[in-house]
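What follows is a short report on a single structure.
Quick note: the coordinates plus some simple rules give every number you see, no bench work behind them. Here the structure is a predicted model, which means the values were calculated and not measured. Positions of Cβ are generated from backbone atoms using ideal geometry, with glycine treated the same way; all protein chains shown enter the neighbour counts.
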Amino acid sequence: MDTKANSNAAAPTKKKMGNLTFAIIFIVAVAVIFFLLNLLSGGIFLDGSNIKLILSHSIYPTFVAWALCFLFACGYTDMSLGGVLVLGSFASCLLGNMIGYPGVIIGGLVVGLILVFINFTIFAFTGIPSWIAGISLGLIYEALAVIIKGSKSIGKLVDTDLASEYRALGQLPGSVILLLAAMVVIYFVYNRTTIGLNIRAMGGNKEVARAMGINIVKTLIAVGVICGIIIGVGCIIQQSTNVRTTVKTGLTSMNMVFQPIAVVLLAQILERKINIIIAVPICSFFLYAIFNMLTIMHVPAGTLQDTCLGAFLVLFGIIGNWGYRGIVK
Amino acid sequence: MSERILEIRGLNKYFGPTHANKNIDFDLDQGEIRGIIGENGSGKSTLLSQIAGLYGSDSGTMKLNGKPYAPKSPLDANSSGIAMVLQELGVVGGLPAAVNVYLGHTGRFAKGGIVSLKDMAQAAYDECDKWNLPKVDMTERLEGTGIETRKMVELVRALSVDPQILILDEVTQSLSLNNRNRLYELIKRFKEMGRSILLITHDVEEMLEITDTVTVLRDGEVIGTVKSAEVKPEDIRTMMVGRDMSGSYFRDDHTPTYRDEVILKMDNVTSEFGEISDISFEVHAGEILGFCGLSDSGIHTVGEVAYGLTKIRSGKVTLEQQGVEITSATTALNSRAGYVPKDRDNQALMINASIRDNFALPSAKELRGAAGIISGGKVNALSWKMKDKMSVKARNIFQPMNALSGGNKQKVNLGRWLAKDLQLLILDCPTRGVDVGVKAYIYQLMKDAKEQGIAMILISDELTEVLGMSDRLIVMKDGKMKKIIRRDEEFTEHSVIGEMI
């Protein structure tokens, strides 16, 4: 038992100092790595335009990764998010090209929110394991996307580019402003609101949460709403950055979530030192910097780059767990 | 005369076909400290859970301060002034201690929807000060903390609702002596304030010392309520099990008896993070070597180090007969050593797996056939044999562990090691959360193991236990060995406490 009667006042200060030291070491380490990468790439890596490219490509996975943070925090998985992203992006494109920015925003947000809300309502009320229900829903959403694309009336309206004058939310500086604003909101929701704490309690120990009077069903539906909004914004960014969204079948829509999952895994490794909501954009940028560097180094995209990603994850995992004590008696 | 605060009439609770509580009648007065005692599975925790709003009732009535009381949830019970610290509920490791304290009430610290973690931590510290409880770092997440810290957070959580009735379900056995004394002080203060406590503990002597009255349950029925000052521990034990339980269940000899051969030797060992330093001792075949100490004494780390679960910075742990140095739990397991940890649900058992799988796990190597495939028949045979030998109360070996009572879980936890041909058994609080019947059974198993020449390290927060069973006792303080006392020396609580403090 920790009898820390006299040490409590000093503990937070000590913790802050520890975090500050870690932050300094982390920044210096990243700076050194980037400097070395820059040398290796003959000065291309740290070129202003290249940094902008990395930044703009890391925004979309950041949003999806934030949604995954809530999902993992409550102890559920949702394999249909790729399908939701496809349909949300379609809606953003369709309405955007019809009514401009309000359409871009409303299309992505409404479809993202409604579909993820439906998912979580199903998880909450049916008792089907979320990964099974998620796969089923993912297949339905993919089929829906195929039907919409094949439709004579709206097929051509979704399988087209978002008009260039409505793409500001996927381009700098608009996307970064959106990211910073979202980070503040999401940080507070995750860490400093009753619903955020309840979500984490539910994922951490459902029995304790229930015994403490937390309504599990309501909390789960709240996760659906929060994830839905974040995924909705992800749809907007996705459509605005990539301009056009292709239809996916056979659960290949899940590919849209793989790299955000890698971002969350990296962020979880850093979680002991950096709040996960702040760690997510950092990890997203870092991850895309690595991909960018690999491309500069002419490493073929696909399997080889993914192998490098896996190796980086393992390496980070080892560093992140270095000296971790586990259970303390 | 004290006013009646809680009145229960004809309370029933069914779990499927099991009639857990049968027509319970129960009264509690203001300022009364009431002990609830009974064998594992007698319905104690169920009754208290009904009062605390965790379970509903199938029939019967409850009145609180004369008004009908039927809590729909623990939160509902909290708002009526009843709070409970549960035996095995736990905390949310991923959240800071302060959030765990105010879980379900975090809205109290919200301004404009934003919760102030600083205010929450301060309120939790204030609660610790108010009740003179040891302070836990309320800003830190609870993952990785020990069972005692987590139990203290649960206690602060219950106290934070300012209860009129506080329910403590086997809390004392998770605490070391110093924190247990603080809890006794808290109980006294509660009584002085005219508040009531319902308390479950399997330590009969402790219960009679700290309570005013004791209600005994057996098979879901109230056997009787007696005044603590007017009964002896033997009377309570007899009421609990329905037969005469007089006589000591500890050893009745007063001399250390063990063989000469050294089984385990710890040589100037300091653990990786310094919980213990410079520890040296030998444990012999047929010896029970006891360890006791206050909360920061490091006794539990000794067990972990001896089994290779905690790394060491310096020194050496060897199994002398084979000359094997223990560097990992695998080495220990392969060298015929076993370990029963204190936190049975989190560190010992596969709680969602079957009794069968739990019995078989440490013997997996021995259960392999010629082609290296584990034989299902052998696993079943071993599990049935051990279930019968350990008298595990379960329908069959395929029942999941989480459906068993605490005592039966501990029988599986211990029995799976006794199924093996061991030379060393490390027991960390082996009787935590078990009733007197199971306790007596475990002590008998230890005596049998001693006869067979198995060397045992007995780590315990219960002084009576280590004094009752050990050949030699090592008293530890601040991670160091303070004194070694032999059974034929000054082997009394008084002398040991003098060394501990």
Legend entry - Cα centre as origin, Lys/Arg/Asp/Glu Cβ charges: the stretch B:351-416 dipole, Debye: 140 debye
Inset, instruction - Using amide H atoms built 1.01 Å from N in the peptide plane, name the residues 5+ places from B:ILE36, or on other chains, whose amide H lies under 5 Å from its own. - result: B:LEU199, B:ILE200, B:THR201, B:THR215
Inset, instruction - Sort B:TRP417, A:TRP131 so the one with the fewest other Cβ atoms within 10 Å of its own Cβ comes first. - result: A:TRP131, B:TRP417
Inset, instruction - Go through A:LEU287, A:VAL247, A:VAL217 and say which Cα lies farthest out towards the positive end of the charge dipole of chain A; charges sit on Cβ, +1 for Lys and Arg, -1 for Asp and Glu. - result: A:VAL217
Legend entry - Set of lysines near B:LYS22 by C-alpha distance (under 19 Å), chain-local residues within fewer than 8 positions excluded: B:LYS13, B:LYS44, B:LYS63
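Would you mind telling me the antiparallel percentage of the DSSP bridges in the protein assembly as shown, rounded to 5?
Rounded to the nearest five, the antiparallel share is 55 percent.
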Legend entry - Options B:ALA371, B:ASN358, B:GLN410, ranked by Cα towards positive dipole end of the stretch B:351-416, top entry (Cβ charges): B:GLN410
Inset, instruction - Could you state the angle between the C-alpha long axis of helix B:117-130 and the longest principal axis of the C-alpha atoms of chain B, as a value from 0 to 90 degrees rounded to the nearest 10? - result: 90 degrees
Inset, instruction - Would you work out the charge dipole size for chain B about its Cα centre, treating the Cβ of every Lys and Arg as +1 and the Cβ of every Asp and Glu as -1, and quote it to the nearest 20 debye? - result: 1480 debye
Legend entry - Dipole of the stretch B:4-241, positive end: most advanced residue of B:ALA98, B:SER49, B:SER176 [Cβ charges, Cα centre]: B:ALA98
Inset, instruction - Would you mind calculating the relative contact order of chain B from Cα pairs under 8 angstrom and at least 6 residues apart, reporting the percent as a whole number? - result: 15 percent
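Using the number of other C-beta atoms within 10 angstrom as an exposure proxy, rank A:CYS308, B:CYS429, A:CYS227 with the fewest first.
Result, fewest neighbours first: A:CYS308, B:CYS429, A:CYS227.
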Inset, instruction - May I ask for the distance between the Cα centers of the stretch B:453-468 and the stretch A:171-215, given as a whole number of Å? - result: 47 Å
Legend entry - Rounded tilt (10° steps) of B:177-192 against the dominant C-alpha axis of chain B: 10 degrees
Legend entry - Alpha-carbon centroids, the stretch B:251-310 and the stretch B:96-123: separation in whole Å: 42 Å
Legend entry - Cα gyration tensor, the stretch B:181-306 - rounded (a/c under 1.5), prolate or oblate: oblate
Legend entry - Using a Förster distance of 25 Å, the FRET efficiency for B:MET350-A:ASN215 (Cβ separation, nearest 0.05): 0.25
Inset, instruction - List, in order, the whole-Hz ³J(HN,Hα) value for each residue of the stretch A:113-125 obtained from phi through the Karplus relation with A = 6.51, B = -1.76, C = 1.60 and θ = phi - 60°; use x for Gly and Pro. - result: 4, 4, 5, 5, 4, 4, 3, 6, 5, 5, 4, 6, 9
Legend entry - Test item: Cα-centred dipole of the protein assembly as shown, Lys/Arg +1 and Asp/Glu -1 on Cβ, debye: 2180 debye
Inset, instruction - Whole Å is fine, so just give me how far the alpha carbon centre of the stretch B:143-214 lies from that of the stretch A:46-94. - result: 49 Å
Legend entry - Calculated from backbone phi, Karplus (6.51, -1.76, 1.60) coupling profile of the stretch B:68-85 in Hz, x at Gly/Pro: x, 9, 9, x, 8, 7, x, 5, 4, 5, 4, 5, 8, x, 10, 9, 9, 9
Legend entry - Exceeding the 31 Å Cα-Cα cut-off - candidates B:LYS67/B:LYS439; B:LYS232/B:LYS409; B:LYS420/B:LYS483: B:LYS67/B:LYS439; B:LYS420/B:LYS483
Legend entry - Nearest-ten-degree value, helix B:436-451 long axis tilted from longest Cα axis of chain B: 10 degrees
Inset, instruction - Assuming a ≥ b ≥ c are the square roots of the Cα gyration tensor eigenvalues, decide whether chain A counts as rounded (a/c under 1.5), prolate (otherwise, with a/b larger than b/c) or oblate. - result: oblate
Inset, instruction - Please order B:THR318, A:THR252 by the number of other Cβ within 10 Å, starting at the fewest. - result: A:THR252, B:THR318
Legend entry - Whichever lysines have a C-alpha closer than 29 Å to that of B:LYS118, once near sequence neighbours (fewer than 8 apart) are set aside: A:LYS4, A:LYS14, A:LYS15, A:LYS16, A:LYS206, A:LYS218, A:LYS273, A:LYS329, B:LYS130, B:LYS135, B:LYS151
Legend entry - 10 Å Cβ neighbours from other chains, averaged over peptide B:50-58: 1
Legend entry - Nearest-0.05 FRET efficiency for A:LEU180 and A:ILE51, computed from C-beta distance (R0 22 Å): 0.85
